[in-house]
1. Please arrange MET117, MET267 by accessible surface area, largest first, computed with a 1.4 Å probe and ligands excluded.
2. Could you put ARG121, ARG335 in order of accessible surface area, largest first, with the 1.4 Å probe and the full protein assembly present?
3. Could you pull the accessible area for MET25 with a 1.4 Å probe, rounded to 10 Å²?
4. Starting from the exponent 0.38 and prefactor 2.2 Å, build the expected Rg for segment 281-334 from its residue count and divide its actual Cα Rg by it.
5. What are the ³J(HN,Hα) couplings of segment 110-126, residue after residue, when phi is run through the Karplus curve with 6.51, -1.76, 1.60 and θ = phi - 60°? Round to Hz, x for glycine and proline.
6. How large is ³J(HN,Hα), in whole Hz, for each residue of segment 51-59 in order, when computed from phi with the Karplus curve 6.51 cos²θ - 1.76 cosθ + 1.60 and θ = phi - 60°, using x for Gly and Pro?
7. Could you list which residues have their amide H under 5 Å from that of LEU60, counting only those 5 or more apart in sequence or on another chain, with H placed in the peptide plane?
8. Apply the Karplus parameterisation 6.51 cos²θ - 1.76 cosθ + 1.60, with θ equal to phi minus 60°, to every residue of segment 331-336 and state each ³J(HN,Hα) to the nearest whole Hz, in sequence, with x for glycine and proline.
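The values are calculated or read from the model by the stated rules, or taken from the named source; none is laboratory data. These figures come from a predicted structure and were not determined experimentally. Please note that ligands, DNA and RNA were not included when accessible areas were found on the heavy atoms of the full protein model with its side chains. Shrake-Rupley method; radii C 1.70, N 1.55, O 1.52, S 1.80 Å.
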Amino acid sequence: MTERTDLGVRKSAVLHAVVEEYVRMGEPVGSETIAEHAGLGVSSATIRNEMAALEELGFLSHPHTSAGRIPTDAGYRHYVDTLPARGRLRDAQRRAIASHFEEAILDLEEVLKGSVMLLSRLTQYAGLAVPPGASEEQIVRLELIDMGPTLMVLAVGQHGRVDKQILDRPEELGGAAVSAAERKLRTLQGQTYADSQAKLLAMAAGVASDEHDLLLMVADVLRVATRGERAAHVVVGGVSNLADETQAWRRETLRRLFETLEREQEMLSVLQDVAADDVSVTIGGEHPTTGEWEASLVTAPFRSGDATVGTIGVVGPTRMDYLSAMASVRAVAERLSEIATELDQ
């Protein structure tokens, strides 16, 4: 960071005006423009002198092909450092932020996808995560909704996952059987997907045939949900960052890493092998797969209370900034743990 310089009131005002005009228009800014739009109460000649002084101080630069000036990095830094401590959001921005987090906080996997991209941006490596396993996620809502000619099975998990399926209603099925099945489904709230499926099969064995068929249909919806695309899998983000490491990696090792990232189950196996209670660092040959890549993994679990529900981390070359990567992974994992715990309460 550039050392803070006290420019005085007028130079600071001119610099602010240049920055804001340049951000707005994207073109070099002249003294006449500032005199016309900034309302500084001084002549364009005075502004021109102040801009020349700001250029000498390193806060503005002067493109050869233009009479105007643009901010330097130091100019932007001074501008940012002298903004109010808490800038006001526009109403549209405030609404957008509130809407995003209202939606994101309801679905841990969506939060996780954003966190993977965040880690990738923070470290410039590829971000990786294993979301909570679907079969072990608790059901907070399980309903059988009578829609006349069809039935809808709706399951909502503790981390925000929603599984629903429309089923054809058997012609002979009466409303009493639907109501009876619905009452049984309510008893499964708080059970995991896997346990609920097993209990539905057991319940079906002791009821009349029409209710039996309904319970089996719901059990099959839960079975499909735990084996679909939201079952155990890997979320990957920022893989393009690895292409920037071609000087650190041989092309062949980079190619093998990309291939493994595309083979989800193999990547899942690697992440499960290096699972730990805290931040874990796996370097090159410490694991057969990372040895083949000449890569390192930095991972950490995230929890709901005391229970580990998933893993997040980064993969990059063994020539990695480990201190930065570990700190970033730990911080993101801790925030995910807070969110997962909140969702489970």
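1. Values: MET117 80, MET267 0 Å².
Accessible-area ranking of MET117, MET267, largest first: MET117, MET267.
2. Numbers: ARG121 145, ARG335 115 Å².
The most accessible residue leads, giving ARG121, ARG335.
3. 100
4. Details: Rg = 12.0 Å, N = 54, 2.2 N^0.38 = 10.0 Å.
For segment 281-334, the normalised Cα radius of gyration is 1.20.
5. So the Karplus estimates, Gly and Pro as x, are 5, 4, 5, 4, x, 5, 4, 5, 4, 4, 4, 5, 5, 9, 6, 10, 8 Hz.
6. 5, 5, 5, 5, 5, 4, 7, x, 8
7. The answer is GLU55, THR72.
8. Computed from phi, the couplings for segment 331-336 are 5, 5, 4, 5, 5, 4 Hz.
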